[in-house]
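Beneath this line is the structure, given in structure tokens, with notes to follow.
The values are calculated or read from the model by the stated rules, or taken from the named source; none is laboratory data. For clarity, every value in this text was computed on a predicted model and none was experimentally measured. Heads up, the Cβs are rebuilt from the backbone with ideal geometry, glycines too, and the neighbour counts pull from every protein chain shown. Ligands, DNA and RNA are excluded from the accessible area calculation, which covers all protein heavy atoms including side chains. Shrake-Rupley method; radii C 1.70, N 1.55, O 1.52, S 1.80 Å.
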Amino acid sequence: MDHREFPFVSESIFEPCGTDCYVPTEAALSPWTDQAMHGSPPTMLMAREIERFPADQEMFVTRLTVDLMRPAGRVPLSVRCRLIRPGRKVQLVEASLWNGELEVARATALRLRRAEVDVPPTLDTPPRPAPESLAELPGAWRPGGAYHLLGVEVRAPERGSPGWAWFRLRLPLVPGEEPSGLLRVCAAADFPNGISYVVDPRQTTFINPDLTVLVHRHPIDEWVLVDARTWLESYGVGMAEGALYDRQGRIGRSVQSLLVEARA
């Protein structure tokens, strides 16, 4: 990416604006419009809150189900979190983002207790070349900055809809904080529709109002591979799915429901 196109790049994806309150920067915005965020930044912000929610034992988030309820651009967002299913081994934790009295997004996480168990190894080889062998994927669907340009680095074999790409964060989620493994997964998880589309995005939109992420292992470094496919139907709905990998092998899966519409 040529940073001369964006001379005032933010230092993080969100900036604090008070206790449990954050403002999205330009690096959080959607490729469709600057009046909404890409799905990964709010997912990361809620996942961060879920990981920070207290527990009596070490827990691992294995599923994150996100509903993106309303578009929100660069407005203050408060973060709320609560335990909705207590347990020693299995918990459900809910986080939500609020623009004033309007709920913008909600995430429900399944947390399982961590324990040492003797099991056979399940690592396999990623099905795609390493990110260092690939060029950075350029391109924008609208003028101005957006998450896929400023918040993450994307490496893929070609422009357009390659079907797979490697992702790593360019910026921290919040200033001065190293992203966790779960946040690095969430940073890439909302891209299946964006890298495997089967229609011209200048003529047809395929926005996802939700995201489900399943994780069984965190990535070993900053890179996450998304190997994706999209299915669309003539009655205006669809689905995109991404198999998630790190350098050693499979780490999870993400799935998006798609609202398919002709551009006005």
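Some observations on this one:
- The H on the amide N of Thr25, modeled in the peptide plane, is under 5 Å from the matching H of Phe14, Glu15, each at least 5 residues off or on a different chain.
- Length-normalised contact order of the chain in % [C-alpha pairs under 8 Å, at least 6 apart]: 19 percent
- Under 20 Å from the Arg263 label point (7 Å along Cα→beta-carbon), backbone N, the range 23-42: 29-39
- Alpha-carbon gyration tensor eigenvalues x 5, square-rooted, for the range 124-228, Å: 21, 17, 15
- Arg253 accessible area, 1.4 Å probe, all protein chains in place, Å² to nearest 10: 80 Å²
- Residues whose amide H falls under 5 Å from that of Phe191, counting only those 5 or more places apart or on a different chain, are absent, with hydrogens built in the peptide plane.
- Net length gained if the chain between Leu102 and Val75 were fully extended (0.36 nm per residue, minus Cα distance): 8.5 nm
- Exposed loop sites, defined as chymotrypsin sites (Phe, Trp or Tyr not before Pro) outside DSSP H, G, I, E and B with at most 13 other Cβ atoms within 10 Å, are absent from the longest region of the chain, namely 9-234.
- Where GluC sites (Glu not before Pro) fall in DSSP loop in the range 54-139, at most 13 other Cβ within 10 Å: Glu58, Glu101, Glu116
- Separation of alpha-carbon centers, the range 152-186 and the range 60-107, rounded to whole Å: 21 Å
- Phi to ³J(HN,Hα) by Karplus 6.51 cos²θ - 1.76 cosθ + 1.60 over the range 257-264, Hz, x for Gly, Pro: 7, 10, 9, 9, 8, 6, 5, 5
- A Förster radius of 30 Å combined with the Cβ-Cβ distance from Phe53 to Thr33 puts the calculated FRET efficiency at roughly 0.40.
- 9 Å beta-carbon shell around Gly39, net charge (K/R +1, D/E -1): -2
- Using the Cβ of Gly163 as centre and a radius below 11 Å, the other residues enclosed give a net charge of 0, where K and R count +1 and D and E count -1.
- Over all other residues within a Cβ to Cβ distance under 12 Å of Leu77, the charged ones net out to -1, with Lys and Arg as +1 and Asp and Glu as -1.
- Vicinal HN-Hα couplings computed from phi for the range 105-118 (Karplus, 6.51 cos²θ - 1.76 cosθ + 1.60; Hz; Gly/Pro x): 8, 9, 10, 10, 10, 9, 10, 10, 5, 8, 7, 6, 9, 7
- All C-alpha pair distances within the range 64-134, sorted into 10 Å bins from zero, spread as 16, 27, 21, 28, 8 percent across the bins.
- The H on the amide N of Gln248, modeled in the peptide plane, is under 5 Å from the matching H of Ile220, each at least 5 residues off or on a different chain.
- Matching label, percent of Cα pairs over 32 Å apart computed from the structure shown, candidates [x] 19; [y] 38; [z] 26: [x]
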